[in-house]
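Here's the structure we're looking at; comments come further down.
The values are calculated or read from the model by the stated rules, or taken from the named source; none is laboratory data. Predicted, not measured: the structure shown is a model, and the values here were computed from it. Here the Cβ is made from the backbone with ideal geometry for all residues, glycine too, and neighbour counts use every protein chain on show. Side chains are part of the model used for accessible areas, which takes the heavy atoms of the whole protein and leaves out ligands, DNA and RNA. Shrake-Rupley method; radii C 1.70, N 1.55, O 1.52, S 1.80 Å.
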Amino acid sequence: HKDITVNFEIKDDPQTLALMAPGMRKFKRPIVSSFRKKVVDAAIDAGFTGGYLFDNLRTFQKHRHSLKSKRLHISRKMLTSKKHNPFHGYELHVYTVNEPADAFRLAGISNVKGMFTDTPAFLPFFPQK
């Protein structure tokens, strides 16, 4: 039996997080992610693992100095090559990786620690980091 990590994406505000928190705590390793920084900050303050969602480099650069965690959930489009990785020092979890070629390319980037996918069938072939 493998441990399952469940990611809860909160799309609106910290009040929703507060309402969901008791149910989320029933999971062994719940993670809270959001495009809204204040939601992730509130999740971290409440003791959850938080992942800041970003879909563009400009927004990441705007907030990078005020993040409470080094865990980022970023679009695969933000990592265009191994040579240009503006995320050194961050733990990356990349979404949405549905093509094996993208998964293999991303698996070769040292700070990519996880991937979100709609087609998980090929992911067991990747070594655990």
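Couple of notes before you dig in:
- Given R0 = 22 Å, the distance between the Cβ atoms of residue 80 and residue 38 translates into a calculated FRET efficiency of 0.15.
- With the convex hull drawn over the C-alpha atoms of the chain, the volume per residue is 114 Å³.
- For residue 91, distant residues with modelled amide H under 5 Å away: 71, 72
- Whole-percent carbon and sulfur share, accessible surface of the range 9-129, 1.4 Å: 55
- Excluding ligands, DNA and RNA, the accessible surface per residue across the range 1-84 is 64 Å² with a 1.4 Å probe.
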